[in-house]
Amino acid sequence: GKGNTNSPESRIAPDDLLLRIKVSDTEVYKGEYLRASLILYSRVPLSNIESLTMPALDNFWTMELTSDGSPSREEYNGKVYDTYKITEYLLSPLQSGQLTIPEALMTVAARVEVTSGRYDPFFGGRQIYNVPRDLRSAPITINVLDYPAGAPASFNGAVGSLSMTSTMPESNIVVNSSNRIEITISGNGNLEFITAPEIIFPDSFEVYDTQVRENFSAQQSGTTGS
């Protein structure tokens, strides 16, 4: 009846509130990075998030990225929304094949103002309602390519735009003198997974413990450093 069409719930269209997972790429190599963002789309005023269940990311190495949390605006399906980045992850697939980022679940309360015909001494002629709405993001499939054929036997999974430099001793060195070999791998890629190269020395060398120094930080495009 007339009262139902004026109910707080009827003021929110099915597409006024949406939950989406957006990814930077849907096809990557094993060990390559992609970025996944969980975003709330809204065309109505919000009061609060009542519950949130994040997707399980069992087949991915994950690192949460910092976000300023400020809203922005985006056009989607012909409508303009206020968008709120709930969280953002840097992901690296741990195996090849079709991997799925499962759905996320969220219950959000929308703030609905209903004008009534009668005057209320406290609310005036309007009342405010918090209307809960259950949201569910669509799962996303990532196609993970295996490494190209013909990799050398020493390949151990380094993926990215990387370079290697080295500092070597002189070709003529004195017996019982101390010398150093330094190898630096730097660039943008899955630096967390790279181990120090192993060098096999002749028995006539005494080798001290290898020192490994890591200097990298997670960016939105992956991990950068050395």
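The values are calculated or read from the model by the stated rules, or taken from the named source; none is laboratory data. These numbers come from a predicted model, not from an experiment. Positions of Cβ are generated from backbone atoms using ideal geometry, with glycine treated the same way; all protein chains shown enter the neighbour counts. Each accessible area value is taken on the protein alone, full model and side chains, heavy atoms only, with ligands, DNA and RNA left out. Shrake-Rupley method; radii C 1.70, N 1.55, O 1.52, S 1.80 Å.
At a glance:
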{"quantity": "For Ile86, distant residues with modelled amide H under 5 Å away", "calculated": "Leu38, Ile39, Leu40"}
{"quantity": "Per-residue [θ]222 nm for the chain (sum of -39500 (n - 2.57) over DSSP H runs n ≥ 4, rounded to 500)", "calculated": "0 deg cm²/dmol"}
{"quantity": "Shape of the stretch 8-108, Cα gyration tensor, a/c cut at 1.5", "calculated": "prolate"}
{"quantity": "Number of Lys pairs (Cα under 30 Å; 8 or more positions apart or on different chains) in the stretch 1-92", "calculated": "5"}
{"quantity": "DSSP-loop chymotrypsin sites (Phe, Trp or Tyr not before Pro) across the stretch 178-226, with at most 12 other Cβ within 10 angstrom", "calculated": "Phe205, Tyr208"}
{"quantity": "Shape call, the stretch 79-188: gyration tensor on alpha carbons, a/c limit 1.5", "calculated": "prolate"}
{"quantity": "Residue order for Thr195, Thr107 - accessible surface, 1.4 angstrom probe, largest first", "calculated": "Thr195, Thr107"}
{"quantity": "Total charge dipole magnitude, the stretch 152-226, about the Cα centre, Cβ charges on Lys, Arg, Asp, Glu only, Debye to nearest 20", "calculated": "240 debye"}
